Amino acid sequence: MRLDKLTIFNYKNISEAELHFSPKLNCFIGNNGEGKTNVLDAIHFLSFCRSYSSSIDALCVRHGEEFMSLQGLYEHEDGTEEDIHIGLKVGQKKVVRRGKKAYRRIAEHIGLIPLVMVSPADQVLVSGGSEERRRFMDMVICQYDPAYTESLLRYNKALQHRNVLLKQDEETPIDPEIFLIFEEQMAHEGEYIYRKRSEFISELIPVFQQFFDEISDGHEQVELRYVSHCQRGPLLEQLTSQRFKDKAVGYSLHGTHKDDLEMLQGGYLVRREGSQGQSKTFLVALKLAQFDFLSRTGSNTTPLLLLDDIFDKLDANRVERIVKLVGGGRFGQIFITDTNREHLDAILASMDGDNRMFYVERGEIRA
């Protein structure tokens, strides 16, 4: 997949821009807070119909404006073109169009334009709660498996219904059969979700470890460990047997909505023991493994790779190894931001073929 042209109108601090890209490497340079990340975020929005940094769409509209729009002109490996347009008016639902036709359900768009973004915001994968790591797994799998997306939606709907029942006043008894309806659906969908997550992590682990070894020069031992209630036995049995305890707290304590992806280094959780540089190395290796995985699954379309300020917190040796990785021709079309021109020049020097440099200042972008 290749993004040839991006048109931005009133997106965050960018009032208007029309950008034509290299099929290989596109670099954005500028000081912090000037708008480099917002360009990458706009590209992310066109793939996932949401910002990478915020779940509130209205925050993407430029201050003082009522409307924003994004348009991306893409080309598949076989030469097929895609025209994606997203429009959002404050207070209204966003409209996503493929060609001239609006999607009936936005979820239908996810996976059409696979994309991997590496950003300082990814630190939450290490330091945040388990919901962040579940979201990581789900966003990858949803890009190549539409059935998984539908299963997640059904599971979450059944979970919401069960939680409503759990909160009901004790003076209004509820027929256990009603609980069972939602528990059976949670168990059915949850065990499917568990199988898909397990398959994904099993395939991801060796590639992740390979990338980590390349970046760290093999000096550190790392591990990914998927943890789920489904590993304890049939989920339905756990839900029904724990119903009384769940009623006491008012929500469901068991299920795939509690899964986690433990990230370990030297046998210890990275979030507790790892340095900033080690955490950053872990995240970069994880995202590059995600890219490799998506390249080999689904439609076998090469994803777009977005690298936002990835060299911060890393020592010179690790920066050099990442430069060699990124410049080695393994990653298709790349979009990268940095405040340090030397990093970008090193990547440019290591790559053959076309590239473009963009300078960003106060939301204005010039080539």
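When GLU170, GLU199 are checked against the criterion of being among the charged types (D, E, K, R) and part of a helix (DSSP H, G or I), GLU199 stands alone in meeting it. Given the condition surrounded by fewer than 19 Cβ atoms within 10 Å (Cβ to Cβ) and either assigned by TED's automatic domain parsing to the domain that holds HIS109 or farther than 22 Å from SER295 by Cα (or both), answer yes or no: does some residue in region 34-45 qualify? For region 34-45, residues surrounded by fewer than 19 Cβ atoms within 10 Å (Cβ to Cβ) and either assigned by TED's automatic domain parsing to the domain that holds HIS109 or farther than 22 Å from SER295 by Cα (or both): absent.
Mind checking whether some residue in region 116-127 is touching a strand residue (DSSP E or B) at 6+ places or on another chain (Cβ under 7 Å), at pLDDT below 95 and part of a loop (DSSP other than H, G, I, E, B)? Checked region 116-127: at least one residue is touching a strand residue (DSSP E or B) at 6+ places or on another chain (Cβ under 7 Å), at pLDDT below 95 and part of a loop (DSSP other than H, G, I, E, B).
Residues in region 71-88 that are within 17 Å of TYR103 (Cα to Cα) and charged (D, E, K, R) were compared, and the one that is surrounded by the most Cβ atoms within 10 Å (Cβ to Cβ) is GLU82.
So which residues in region 142-151 are surrounded by 13 or more Cβ atoms within 10 Å (Cβ to Cβ) and assigned to a helix (DSSP H, G or I)? Spell out the reasoning first.
Of the residues in region 142-151, the ones surrounded by 13 or more Cβ atoms within 10 Å (Cβ to Cβ) are 142-146, 148-151.
Passing the criteria: CYS142, PRO146, TYR148, THR149, GLU150, SER151.
Looking only at residues that are among the acidic types (Asp, Glu) and surrounded by 15 or more Cβ atoms within 10 Å (Cβ to Cβ) in region 152-201, which one is nearest to SER228 (Cα to Cα)?
So the first thing to find is which residues in region 152-201 are among the acidic types (Asp, Glu), and the list is 169-171, 175, 177, 183-184, 189, 191, 199.
Subsequent filtering for residues that are surrounded by 15 or more Cβ atoms within 10 Å (Cβ to Cβ) retains 183-184, 189, 191.
Details: GLU183: 17, GLU184: 18, GLU189: 14, GLU191: 10 Å.
Only one residue tops the list, namely GLU191.
Being closer than 23 Å to ASN340 by Cβ and not β-branched (Val, Ile, Thr) narrows it down to one residue among GLU18, GLU34; which is it? Break it down stepwise before answering.
On the way: GLU18 fails: closer than 23 Å to ASN340 by Cβ.
Only one candidate qualifies: GLU34.
Residue pairs whose Cβ atoms lie under 8 Å apart, separated by 6 or more positions or on different chains, with the first residue in region 351-367 and buried (at least 16 other Cβ atoms within 10 Å of the Cβ) and the second of a type in the set (Lys, Arg) and modelled with pLDDT of 85 or more, are MET351/LYS24; ASN355/LYS24; PHE358/ARG366; VAL360/LYS36; GLY363/LYS12.
Okay, residues lined up against (1) part of a helix (DSSP H, G or I); (2) more than 30 Å from ILE181 (Cα to Cα); (3) without any contact (Cβ under 8 Å) to a residue 60 or more places away in the chain; (4) touching a Lys or Arg at 6+ places or on another chain (Cβ under 7 Å):
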site	(1), (2), (3), (4)
ILE215	yes, yes, no, yes
ALA248	yes, no, yes, no
SER252	no, no, no, yes
ARG271	yes, yes, no, no
SER279	yes, yes, no, no
PHE282	yes, yes, no, no
ALA285	yes, yes, no, no
PHE291	yes, yes, no, no
THR301	no, yes, no, no
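Restricting attention to region 125-137, the residues being surrounded by 15 or more Cβ atoms within 10 Å (Cβ to Cβ) and within 12 Å of the chain's Cα centre (by Cα) number 6.
In region 174-184, is there at least one residue being farther than 30 Å from GLN290 by Cα and not in a helix (DSSP H, G or I)?
Among the residues of region 174-184, at least one is farther than 30 Å from GLN290 by Cα and not in a helix (DSSP H, G or I), which makes the answer yes.
The values are calculated or read from the model by the stated rules, or taken from the named source; none is laboratory data. Since the structure is predicted, the reported quantities are computational estimates derived from the model, not experimental observations. Note: ideal-geometry Cβ built from the backbone for every residue, glycine included; neighbour counts use all protein chains shown.
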